[in-house]
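Trainee: A single structure is presented below for examination.
Where a number appears in this text, it was derived from the coordinates with a stated rule and is not lab data. Computed from a predicted model, the values in this text were never measured in an experiment. Positions of Cβ are generated from backbone atoms using ideal geometry, with glycine treated the same way; all protein chains shown enter the neighbour counts.
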Amino acid sequence: MPHEDERHHRSVRSFVVRTGRITAAQQRAWRELWPVHGVETGDRPLDLDQLFARSANRTLEIGFGNGESLAALAEAHPEQDFLGVEVHRPGIGHLLLTAEQRGLSNLRVVCRDAVEVLDRCLTDSSLDEVLLYFPDPWPKKRHHKRRIVQPGFVDLVARKLKPGGVFRLATDWQNYAEHMLEVLSACALLENEAPPGAYAERPASRPLTRFEQRGQRLGHEVWDLAFRRRRAGPRRPDTDNLTSSSNNSACGESAT
């Protein structure tokens with residue numbers, strides 16, 4: 001059964017589905033390329049070995065935008081498999097076109113709420129890496145509850161990672177970075193790859209997107225985080241503010 005906080009998180013969406021203008025090329029991508037790279041999901045877990053027709057290291061990117069970073073990773077690492085989750089149809093169309101142009105056979109795409117995908121479509125300990133780069137910061141305090149990084153979501157991601165798997169995040173909003181660090185540090189299944197209470201160095205594996213390049217020109221700082229799934233059993237979180245044991249959640253509640 002889904003955790004109570006997971007059900008709440010799905011009822012408070014962390015995204016707004018933007019209609020946006022979809023180009024003729026993106027429409028063609030949906031017609032012709034979605035059957036190649038797209039994944040139709042229900043409420044049963046995906047068989048990833050069957051989906052990719054092999055067994056390999058698997059990376060999930062949540063909210064890939066136009067897919068610039070995800071396509072670069074898939075092209076650079078043909079020995080690995082990449083699954084992207086996004087709800088913005090023009091962005092998905094853009095990624096499908098890129099996959100066609102670059103001949104990416106190790107890339108699959110899901111058009112669905114990422115929390116539902118994690119909860120219903122992926123088995124525990126099935127992923128080597130989960131990426132969440134520049135999620136919507138929802139900067140107004142009254143909207144902080146819409147931020148995707150919440151204890152229930154982090155616990156869900158942690159359970160889908162294999163022992164030793166890594167959850168990588170990046171944001172250019174300091175307040176959101178501080179919130180991320182607090183919530184992830186409270187998750188008993190995860191440990192910070194940086195020293196306790198510190199942020200990670202920008203990983204060489206993270207492509208520098210046009211979005212980030214623009215931010216650099218404007219003087220925006222970026223905070224990276226990398227938390228690894230513990231190989232042993234979960235530690236007791238270093239916080240007194242925990243979810244109840246009835247939730248079976250390994251993460252503490254964060255202050256908003």
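Trainee: Please give, to one decimal in nm, the separation of the simple spin-label points placed at Thr23 and Ser105, each 7 Å out from Cα toward the Cβ.
Mentor: Those two pseudo-labels are separated by 2.7 nm.
Trainee: Using modelled amide H (1.01 Å from N, peptide plane; none on Pro or chain starts), what sits under 5 Å from the amide H of Phe64, excluding residues fewer than 5 places away?
Mentor: Val85
Trainee: Are there GluC sites (Glu not before Pro) in segment 53-130 that DSSP puts in a loop and that have at most 13 other Cβ atoms within 10 Å, and which ones?
Mentor: On the way: sites: Glu61, Glu68, Glu75, Glu79, Glu86, Glu100, Glu116, Glu129; in loops: Glu79.
Qualifying residues, ordered by number: Glu79.
Trainee: Can I ask one more? If you take the charge dipole of segment 75-161 about its Cα centre, with +1 on Lys and Arg Cβ and -1 on Asp and Glu Cβ, which of Trp138, Phe153, Val109 is farthest toward its positive end?
Mentor: Looking along the dipole axis, the top candidate is Trp138.
Trainee: Let me check against my output: what whole-number percent is the relative contact order of segment 55-158, with C-alpha pairs under 8 Å and at least 6 apart? Please list the in-between numbers first.
Mentor: Numbers: 142 pairs, mean separation 31.9, N = 104.
Rounded, it is 31 percent for segment 55-158.
Trainee: Note down the magnitude of the dipole of segment 57-164 about its Cα centre, charges +1 on Lys and Arg C-beta and -1 on Asp and Glu C-beta and zero elsewhere, to the nearest 20 debye.
Mentor: Working: 15 positive and 15 negative charges, 138 e Å.
Roughly 660 debye for segment 57-164.
Trainee: I would also like to ask the following. Cut-off 19 Å, label point 7 angstrom out along Cα-to-Cβ of Ser125: give me the residues of segment 136-174 whose amide nitrogen falls inside.
Mentor: Only 155-167 pass the distance filter.
Trainee: Tell me, what ³J(HN,Hα) does each residue in segment 133-149 have, in order and in whole Hz, if you take phi through Karplus 6.51 cos²θ - 1.76 cosθ + 1.60 with θ = phi - 60° and put x for Gly and Pro?
Mentor: Result, ordered by residue: 9, 6, x, 4, x, 6, x, 6, 4, 5, 9, 4, 5, 7, 4, 5, 7 Hz.
Trainee: If r is the Cβ-Cβ distance from Gln80 to Asn175 and R0 is 35 Å, what FRET efficiency results, to the nearest 0.05?
Mentor: Values: r = 33 Å, r/R0 = 0.95.
After rounding to 0.05, the efficiency reads 0.60.
Trainee: Here is a follow-up. Just for the Cα atoms in segment 127-205, what are the lengths along the principal axes, largest first, rounded to whole Å?
Mentor: 36, 26, 21
Trainee: Let me ask you something else. How long is the gain from Glu116 to Val36 if the chain were fully straight, where each residue apart is worth 0.36 nm and the alpha carbon distance is subtracted?
Mentor: Values: separation 80, 0.36 × 80 = 28.80 nm, distance 2.22 nm.
Gain on stretching Glu116 to Val36: 26.6 nm.
Trainee: Oh, and also: Check Gly165: other-chain or 5+ apart residues with amide H under 5 Å from its amide H, H built from backbone geometry?
Mentor: When sequence neighbours closer than 5 places are left aside, the close amide H contacts are Arg229.
Trainee: If I model a spin label as a point 7 Å beyond the Cα along the Cα-Cβ vector, how far apart are those points for Ala204 and Arg142 in nm?
Mentor: Between Ala204 and Arg142, the simple spin-label model gives 4.8 nm.
Trainee: Distance between Cα centroids, segment 93-111 to segment 172-223: provide it in whole Å.
Mentor: So the two Cα centres are separated by 26 Å.
Trainee: Moving on. Per residue, what volume in Å³ does the convex hull of the Cα atoms of segment 41-145 enclose? Intermediate results must be reported in sequence, preceding the final value.
Mentor: Values: hull volume 11.6 nm³, N = 105.
Considering the Cα atoms of segment 41-145, their hull volume per residue is 110 Å³.
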